[in-house]
Amino acid sequence: MIELSWRVATKADRLLLQRFTCVEPARKLPSGRVAPHHRRWEQEVQTWFRSGDALADANDDAAYGGRLLLGFAAGDLAVCVSHARLRNPGVETPLRCQLGFDGPIRVLKAVGVACSYRGAGGQVADQALDDIFADMLAEEEGQPILVIGRIDSRNKPSERFVARNQFELIDDLPSDGQLRNWFTIIEADDVD
């Protein structure tokens with residue numbers, strides 16, 4: 001197990017986030033030009049963290065328990081995670097009806113693992129998710145929580161990550177590039 005230490009991101013972390021790298025660079029073509037990135041969804045997540053949008057979203061979501069958390073391993077930024085309480089009635093009401101859940105719903109907005117911490121069989125991502133679940137439970141005072149996340153249907157590593165962490169697919173949209181909705185219900189007993 002990799003030990004992560006966490007803290008809430010602040011405006012002072014803008015430069016740190018601008019340097020955060022959670023996707024390998026696009027390859028160069030023989031002409032010297034950069035090829036379109038083969039994992040565009042990863043590039044979009046990295047851009048979201050780097051651009052300041054993740055900080056802005058966390059500030060906007062603060063009243064809803066929104067948090068942008070930075071996870072450090074051996075002093076290095078290893079993981080960035082954002083989550084907040086769901087506040088969209090157009091999504092919440094049908095979701096509650098479909099799943100029969102009446103407790104709090106939280107959205108796992110993004111998880112980015114630094115390139116230097118990838119390749120360890122998902123250990124960093126799995127540890128980060130356990131830690132984030134504990135953070136969510138603390139935010140909701142230990143109540144059972146329905147956690148939802150959206151994953152690009154081409155992003156098979158992330159789908160394997162959530163599946164091995166007991167998420168289930170809510171819908172199975174057939175088209176490449178569409179975001180698919182995943183969910184799990186967490187309780188205080190589930191978190192170490």
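Each reported figure results from applying straightforward, stated rules to the coordinates on display, with no laboratory input. What you are looking at is a predicted structure, and each value in this text was computed from that prediction instead of being measured. All Cβ positions, even for glycine, are placed from backbone atoms using ideal geometry, and neighbour counts span all protein chains on display.
Shape of the range 74-114 from the C-alpha gyration tensor: prolate (a/c of 1.5 or more and a/b above b/c, with a ≥ b ≥ c the square roots of its eigenvalues). Considering helices alone, the calculated mean residue ellipticity of the chain at 222 nm is -10000 deg cm²/dmol, with DSSP H runs of length four and up weighted by -39500 (n - 2.57) and normalised per residue.
Within the same chain, lysines fewer than 8 places from Lys11 are excluded, and of the rest, those with a Cα less than 26 Å from its Cα are Lys109. Based on C-alpha pairs under 8 angstrom that are at least 6 apart in sequence, the chain has a relative contact order of 18 percent. Seen from Cys80, the other residues with C-beta closer than 14 Å to its C-beta sum to a net charge of -1, counting Lys and Arg as +1 and Asp and Glu as -1. Counting charges near Gln143 (Lys, Arg +1; Asp, Glu -1) among other residues having Cβ under 12 Å from its Cβ returns a value of -3. Grab the other residues whose beta carbon is less than 11 angstrom from that of Ala58, score K and R as +1, D and E as -1, and report the net. After counting each charged neighbour, the total is -2. Of all beta bridges DSSP finds with both residues in the chain, what is the antiparallel percent, to the nearest 5? About 90 percent, rounded to the nearest 5.
Our note on the geometry: Cα centres of the range 64-124 and the range 146-163, 11 Å apart.
Just one of (i) 18.2; (ii) 19.7; (iii) 17.4 is Kirkwood radius over Cα pairs in Å as worked out from the coordinates here. Which one is it? Identified label for the calculated read-out: (iii).
Can you work out the FRET efficiency for the pair Ser31 and Arg118, with r the C-beta to C-beta distance and R0 = 25 Å, to the nearest 0.05? Rounded to the nearest 0.05, the efficiency is 0.30. Largest GNM mean-square fluctuation across Leu55, Leu99, Leu29, computed for the chain with C-alpha springs under 10 Å, falls on Leu29.
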